[in-house]
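See below for the structure under consideration.
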Amino acid sequence: MEDIEWLVKMLEEKIEEKNLDYNRFMVLLWNNNTEIKHLFEEIDSSILNINVIVSEQLLDIPSKLQAIKTQQIITEVIRNNPQKVIVIDNFEILFSPILKVKPIELFRELSRYKTIIVIWRYSYENNRLVYAVPEHIEYQEAQINKNEMIIN
């Protein structure tokens, strides 16, 4: 429990620091089996399960339009959310090549409007977030600045 309290305090400090930045984008490396919602109970935030949101809204959209619609869905959900801090979790659907999304770039761009914390459960190597292996169809990597990291 002390670890969670320490991490909550660190998150609050990072969020406060980021309020002065143009982009308020952060990544929390999370290799912990602990439910993420316990971490954010103390912080005025909204945890979004992107997989559920996107898949539900794309059900009736023709496949040709899904790539365009996906970014619109994410943008609307984040911008219309009343919370100032948005926690992005479970967003693997966005790595599908059909949707043509670069999730980290999209979240970084949207962090001009809200503080966005991405829960990253995958590889982190040499200041790069890595999803899948290079041979995999969903493989993506994104450069990340040290000041965007919250290391757990």
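The values are calculated or read from the model by the stated rules, or taken from the named source; none is laboratory data. Predicted model only: the values in this text are computed from it and were never measured. Here the Cβ positions follow ideal geometry from the backbone for every residue, glycine too, while neighbour counts run over all protein chains shown.
A compact table of results
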{"read-out": "Phe95 vs. criteria buried (at least 19 other Cβ atoms within 10 Å of the Cβ) and aromatic (Phe, Trp, Tyr)", "value": "no"}
{"read-out": "Tally of residues being assigned to a strand (DSSP E or B) and at pLDDT below 95 across region 130-148", "value": "0"}
{"read-out": "Pairs with Cβ under 7 Å, 6+ apart, first in region 74-93 and closer than 23 Å to Leu29 by Cα, second of a type in the set (Asp, Glu) and modelled with pLDDT under 95", "value": "Gln83/Asp44; Lys84/Asp44; Val85/Asp44"}
{"read-out": "Hits in region 23-58 - residues which are under 23 Å from Thr75 (Cβ atoms) and among the acidic types (Asp, Glu)", "value": "Asp44, Glu56"}
{"read-out": "Residues satisfying the stated conditions in region 54-74, i.e. within 21 Å of Arg121 (Cβ to Cβ) and either crowded, with 17+ Cβ neighbours inside 10 Å or in contact with a Cys (Cβ under 6 Å, 6 or more places away or on another chain) (or both)", "value": "Val54, Thr70, Ile74"}
{"read-out": "Matching residues in region 2-42 - criterion: being surrounded by 16 or more Cβ atoms within 10 Å (Cβ to Cβ) and basic (Lys, Arg)", "value": "Lys14, Lys18, Arg24"}
{"read-out": "When residues of region 118-129 are limited to those that are free of Cβ contacts under 8 Å to residues at least 12 places away in the same chain and not in a strand (DSSP E or B), the one surrounded by the most Cβ atoms within 10 Å (Cβ to Cβ)", "value": "Tyr122"}
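Per-residue answers, yes or no, for (1) at pLDDT 95 or above; (2) closer than 30 Å to Pro97 by Cβ; (3) within 18 Å of the chain's Cα centre (by Cα); (4) acidic (Asp, Glu):
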position	(1), (2), (3), (4)
Lys18	no, no, yes, no
Asn23	no, yes, yes, no
Val27	yes, yes, yes, no
Asn31	no, yes, yes, no
Asp44	no, no, yes, yes
Ser55	yes, yes, yes, no
Ser63	no, yes, no, no
